[in-house]
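Below: one structure, written as structure tokens.
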Amino acid sequence: MIGKLNHVGIATPSIEQSCKLYRDILGVTDITERRALPEQGVWVSFVNLPNAQVELIEPYGADSPINAFLEKNPRGGQHHVCFEVADILVARDELRAKGATVLGTGEPRIGAHGVPVIFVHPKDMGGVLVELMQTPTDAH
Ligand code: CO
């Protein structure tokens, strides 16, 4: 069902601080400017690697969905992994048929990359929050 690993989501209390880590210590040169996504309650910045991205997410506002994570992990940490799928609705229905819990209503929403995404509950994924992203086949 899943295709490529698209990105690893890292929650951070400060994208600015995290960017320093990736730029100055790990030597990454291609990091996008921090951008607000108010509907999703996050600031986001992408660390572009040759084969995938690291998606840095910082809370935007008091209702941010990552506030609870950062309360438990004040210094930040790995939040989710995102795999590409060809058809988000087919993937969702297949997961549900296999007993996995899709978060929220299960209706895909537009994620940080501007394409439809869903999230699968970590309790069904070995403790890992899994994001599935519909990726046009011509994207690679
Ligand atoms: Co993500």
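Can you pull out every residue in the stretch 108-123 that is at pLDDT below 95, in contact with a helix residue (DSSP H, G or I) (Cβ under 9 Å, 6 or more places away or on another chain) and either near the ligand (Cβ under 9 Å from one of its atoms) or not in a strand (DSSP E or B) (or both)?
To start, the set of residues in the stretch 108-123 that are at pLDDT below 95 comprises 109-115.
Of the ones still in play, those that are also in contact with a helix residue (DSSP H, G or I) (Cβ under 9 Å, 6 or more places away or on another chain) are 109-112, 115.
Result: Gly111, Ala112, Val115.
The test for being open to solvent by less than 70 Å² (accessible area, probe 1.4 Å), over 14 Å from the mean Cα position of the chain (by Cα), farther than 13 Å from Gln134 by Cβ and at pLDDT 95 or above holds for Val102. Checked against (1) of a type in the set (A, V, I, L, M, F, W, C); (2) in a loop (DSSP other than H, G, I, E, B); (3) within 16 Å of the ligand (Cβ to nearest atom); (4) without any contact (Cβ under 8 Å) to a residue 60 or more places away in the chain, Ala62 passes all but condition (3). For first residues located in the stretch 31-45 and on the phi > 0 side of the Ramachandran plot, partners that are in a strand (DSSP E or B) and not charged (D, E, K, R) and lie 6+ apart or on another chain with Cβ distances below 8 Å form the pairs Gly41/Pro59. Just one residue in the set Leu21, Leu56, Leu70 is at pLDDT 95 or above, assigned to a helix (DSSP H, G or I) and either of a type in the set (Asp, Glu) or buried (at least 18 other Cβ atoms within 10 Å of the Cβ) (or both); that residue is Leu70.
The values are calculated or read from the model by the stated rules, or taken from the named source; none is laboratory data. Small disclaimer: the values here were computed from a predicted structure and weren't measured. Cβ atoms come from the backbone with ideal geometry, glycine included; neighbour counts cover every protein chain shown. Quick note on the areas: whole protein, heavy atoms, side chains included, nothing else; ligands and nucleic acids left out. Shrake-Rupley method; radii C 1.70, N 1.55, O 1.52, S 1.80 Å.
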